[in-house]
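Some notes on the structure that comes next.
The values are calculated or read from the model by the stated rules, or taken from the named source; none is laboratory data. On a predicted model such as this, the values are computed, not experimentally measured, just so you know. Virtual Cβ from ideal backbone geometry, glycine too; neighbours counted across all protein chains shown.
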Amino acid sequence: MVKTFAGVERMFKVRPGRRVRLKDFDPGWQGAGEFRELSLDERKQRAHTFLERNIEALSEAQDRLYAADTYSLLVVLQAMDAAGKDGIIKHVMSGLNPQGTQVFSFKRPSDEELDHNFLWRYTRGLPERGRIGIFNRSYYEEVLVVKVHPEILARQRLPPGKRGRSFWHQRYEDINAFEEHLTENGTLIVKIFLNISKKEQKKRFLERLSDPDKHWKFSAADLEERKLWKQYQAAYGEMLSHTSTKRAPWWVVPADNKWVSRAMVSEIVAQEIRRLGLKAPGATPEQAKSFAAARKSLMAE
């Protein structure tokens, strides 16, 4: 879709310190250069081939991640409703070994969780070394939905104080410090924002309402949140601007076309793991002797 990964980086990776305006990112992007000259069916087929290749690469990378037992991978997915987070997990991560993968979706916090700091409940879901963790929504909800809905913040039992601009900047700094701590201790963080347009969200909501098999995906609350579209766009822009760091940058992935978002996410995750340079650990001299003895024993049977 873009000839080189560097091309994807230039277009969709948020540079640290950059002021993000989501209107500058095209949610309906379908490729660039000669890729745009292909028919729609040809583009979809090319993207599918791309996805399949990366699924295989992710599976191999997972084996090396587990064998090295030094790093873990945390994939953070954030988006407006109907942007395709579940589809990304289902299709992009389909080649991963379930034994080494864990997915967390964070709902309304419990009383126990409200009695701790806002990051506490998320730390309990972090992947251990050698494993892959996927957050379907994450601690970023604390500067998104909580920011748009002040009544949620009121339930967090915080000490008295102002809840203005400095309050949210402090939360951004807390998140950045949290992620810096994780990366220093071996967690690779890949943060994906699936950028869907309001028009496409409407289309997907109508599909859910028209198809009985998809009714379960729809909630009346989705429409209430849709009324706050502008507030959410502003909150996302602020969040992306303040929390895209060198160690844990954000990627703004166009999500109006699922075949585009799935192919791109697969490439981003595969490439970021590749940069770790993981290799299967070599055998120690003692292990080599043990392996040679075991081979000799088996050959003698």
Next item on the list: Scan the range 247-283 residue by residue and report those that are in a loop (DSSP other than H, G, I, E, B), over 15 Å from LYS13 (Cβ atoms) and either in contact (Cβ under 8 Å) with a residue 24 or more places away in the chain or in contact with a helix residue (DSSP H, G or I) (Cβ under 6 Å, 6 or more places away or on another chain) (or both).
Entry: ALA255, ASP256, ASN257, LEU276, LEU278, LYS279, ALA280, PRO281
Check: Residue check, ILE89 against (1) surrounded by 16 or more Cβ atoms within 10 Å (Cβ to Cβ); (2) farther than 14 Å from ARG262 by Cβ; (3) touching a residue at least 24 places away in the same chain (Cβ under 8 Å), all met but one. Which one?
Finding: (2)
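Take PRO109 and decide whether it is in contact with a Leu (Cβ under 7 Å, 6 or more places away or on another chain) and crowded, with 18+ Cβ neighbours inside 10 Å. Working first, answer last.
On the way: in contact with a Leu (Cβ under 7 Å, 6 or more places away or on another chain): no; crowded, with 18+ Cβ neighbours inside 10 Å: yes.
Against the criterion (in contact with a Leu (Cβ under 7 Å, 6 or more places away or on another chain) and crowded, with 18+ Cβ neighbours inside 10 Å), PRO109 does not qualify.
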Checklist line | GLU286, sole failed condition from (1) over 17 Å from the mean Cα position of the chain (by Cα); (2) in a loop (DSSP other than H, G, I, E, B); (3) of a type in the set (D, E, K, R) | finding: (2)
Checklist line | Residues within the range 203-225 that are part of a helix (DSSP H, G or I) and over 23 Å from the mean Cα position of the chain (by Cα), tallied | finding: 15
Note to self: Condition first: within 30 Å of ALA235 (Cα to Cα) and β-branched (Val, Ile, Thr). Now tell me which residues in the range 45-87 satisfy that.
What the structure shows: VAL75, VAL76
Margin query: Looking only at the range 207-236, count every residue that is touching a Lys or Arg at 6+ places or on another chain (Cβ under 6 Å), loosely packed, with under 14 Cβ neighbours inside 10 Å and at pLDDT 95 or above and tell me the total.
Written below: 1
Note to self: Being of a type in the set (A, V, I, L, M, F, W, C), outside any loop (DSSP other than H, G, I, E, B) and either over 16 Å from the mean Cα position of the chain (by Cα) or exposed (fewer than 14 other Cβ atoms within 10 Å of the Cβ) (or both) narrows it down to one residue among PHE118, PHE104, PHE167; which is it?
What the structure shows: PHE167
